[in-house]
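Peer 1: Below is one structure. I have some questions about it.
The values are calculated or read from the model by the stated rules, or taken from the named source; none is laboratory data. Please read all numbers here as calculations on a predicted model, not as lab measurements. Methodologically, a virtual Cβ is constructed for each residue, glycine included, from the backbone with ideal geometry; neighbour enumeration extends over all protein chains shown. These accessible areas exclude ligands, DNA and RNA; they are computed on the full protein's heavy atoms, side chains included. Shrake-Rupley method; radii C 1.70, N 1.55, O 1.52, S 1.80 Å.
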Amino acid sequence: MTHLLSRGITAREGKILLAYYIEKGYWFLPGGHIEPGESGARALIRECQEEMNINISSPTALTTFEHAYEDKEEIQHEITIIYKFDVALEENVDSQIPHLTFDWVSEEKFAEIKFLPKALKEPMQGYLSGETMPQFVSTLE
């Protein structure tokens with residue numbers, strides 16, 4: 001199965017906003033599936049409103065990431081457009097989804113957490129340190 005996703009990076013006060021999947025014990029970038037006929041930027045705006053009840057602005061595409069993994073003995077292929085976005089400092093981040101929490105994670109903590117997909121962690125660490133995000137990242141040959 002192939003999934004088309006939109007996810008976002010936002011940082012403030014030296015921390016990055018991440019989602020945490022409570023039952024499975026891993027962190028990931030906020031966002032979700034792009035619906036048919038919807039732009040990636042619009043999907044990210046919608047997902048942030050639905051999942052965190054926050055209004056974001058100015059999504060700007062940073063990179064495209066593709067990878068595959070096995071889930072329930074079926075190969076899942078994900079193509080993810082990753083955006084940089086802004087959120088107002090006064091915005092509170094409250095999960096609207098029972099199985100997720102959202103938190104501002106420091107660079108130091110980010111280095112230690114279980115972040116998925118794993119292949120995106122190194123480019124993310126570089127980006128958080130001020131490096132340019134690669135235009136395309138893939139785990140597929």
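Peer 1: So Lys15 fits all but one of (1) open to solvent by less than 20 Å² (accessible area, probe 1.4 Å); (2) under 26 Å from Ala111 (Cα atoms); what number is the exception?
Peer 2: Here Lys15 meets the rest and fails (1).
Peer 1: Restricting region 130-141 to residues that are assigned to a strand (DSSP E or B) and touching a helix residue (DSSP H, G or I) at 6+ places or on another chain (Cβ under 9 Å), which is surrounded by the fewest Cβ atoms within 10 Å (Cβ to Cβ)?
Peer 2: In this case the residue turns out to be Ser138.
Peer 1: Under the condition of being among the small types (Gly, Ala, Ser) and without any contact (Cβ under 8 Å) to a residue 12 or more places away in the chain, which residue from region 34-50 is most open to solvent (accessible area, probe 1.4 Å)?
Peer 2: Across region 34-50, the extreme among qualifying residues is Gly37.
Peer 1: Inside region 51-95, can you point out the residues that are in contact (Cβ under 8 Å) with a residue 24 or more places away in the chain, closer than 30 Å to Leu140 by Cβ and out of contact with any strand residue (DSSP E or B) (no Cβ under 8 Å at 6 or more places or on another chain)?
Peer 2: Glu74
Peer 1: Mind counting the residues in region 18-33 that are open to solvent by 30 Å² or more (accessible area, probe 1.4 Å) and among the aliphatic types (A, V, I, L, M)?
Peer 2: 1
Peer 1: I've got another one for you. Any idea which of (1) farther than 21 Å from Cys48 by Cβ; (2) open to solvent by 40 Å² or more (accessible area, probe 1.4 Å) is the one Gln76 doesn't satisfy?
Peer 2: Every listed condition holds for Gln76 apart from (2).
Peer 1: Let me ask something else. Just the residues that are among the hydrophobic types (A, V, I, L, M, F, W, C) and closer than 14 Å to Asp86 by Cβ, please, taken from region 28-51.
Peer 2: Correct list: Ala41, Leu44, Ile45, Cys48.
Peer 1: Can I ask one more? Among the residues that make up region 4-13, is at least one of them within 12 Å of the chain's Cα centre (by Cα), in a strand (DSSP E or B) and of a type in the set (S, T, N, Q)?
Peer 2: Yes.
Peer 1: Residue pairs, Cβ under 7 Å, 6 or more apart or interchain, first in region 1-28 and more than 18 Å from Gln96 (Cβ to Cβ) and of a type in the set (Gly, Ala, Ser), second surrounded by fewer than 17 Cβ atoms within 10 Å (Cβ to Cβ) and modelled with pLDDT of 95 or more. List them.
Peer 2: Gly25/Lys114
Peer 1: If I ask for residues that are open to solvent by 70 Å² or more (accessible area, probe 1.4 Å) and closer than 19 Å to Leu62 by Cβ, which ones from region 91-129 would you list?
Peer 2: Glu107, Lys118, Glu122, Ser129, listed by residue number.
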